[in-house]
Amino acid sequence: MALMITDDCINCDVCEPECPNDAISMGELIYLIDPNKCTECVGHFDEPQCQQVCPVNCIPFNPAWRESKDELQQKFERLQAAKTQP
């Protein structure tokens, strides 16, 4: 699953720089997570870093975006390969 940010977000700005895949960006009112880039930090860390730093615990798993650990690993590898291509 990818992660999502709920309306409880207080725009504290701590999650965005923690994301190793640049999946978090500011939306119109609150921060958003791009599920196409979110690997739940698989390939980088043991736990999602945005969840670890969020002071209001507003970053749950997105039930509409289910992915296995293998799928998340494959997404991580695709994202890394895309970064290295000119």
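The values are calculated or read from the model by the stated rules, or taken from the named source; none is laboratory data. The structure displayed is predicted, hence computed values, not measured ones. Neighbour counts are summed over all protein chains in view; Cβ atoms, including those assigned to glycine, are modelled from backbone coordinates with ideal geometry. When the accessible area is computed, the model is the full protein with side chains, heavy atoms only, and any ligands, DNA or RNA have been set aside. Shrake-Rupley method; radii C 1.70, N 1.55, O 1.52, S 1.80 Å.
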message: Can you report the number of residues in segment 18-56 which are over 23 Å from LYS69 (Cα atoms) and not in a loop (DSSP other than H, G, I, E, B)?
response: 3
- prompt: How do the pairs read when you match residues in segment 15-38 that are at positive phi with residues anywhere that are open to solvent by 20 Å² or more (accessible area, probe 1.4 Å), using Cβ under 8 Å and keeping only pairs 6 or more apart or on different chains?
  reply: ASP22/LYS37
Options CYS41, CYS54: the member that is over 11 Å from the mean Cα position of the chain (by Cα) and surrounded by 13 or more Cβ atoms within 10 Å (Cβ to Cβ): CYS54
field: Pairs with Cβ under 6 Å, 6+ apart, first in segment 75-86 and under 17 Å from ALA2 (Cα atoms), second modelled with pLDDT of 85 or more and open to solvent by 40 Å² or more (accessible area, probe 1.4 Å)
entry: PHE76/GLY43
message: Quick test of your reading of the structure: VAL14 fulfils all but one of (1) under 22 Å from LYS83 (Cα atoms); (2) aliphatic (A, V, I, L, M); (3) open to solvent by less than 60 Å² (accessible area, probe 1.4 Å). Name the failing condition by number.
response: (1)
message: With the requirement that a residue be among the charged types (D, E, K, R) and either surrounded by 18 or more Cβ atoms within 10 Å (Cβ to Cβ) or assigned to a loop (DSSP other than H, G, I, E, B) (or both), what does segment 57-72 give you?
response: ARG66, GLU67
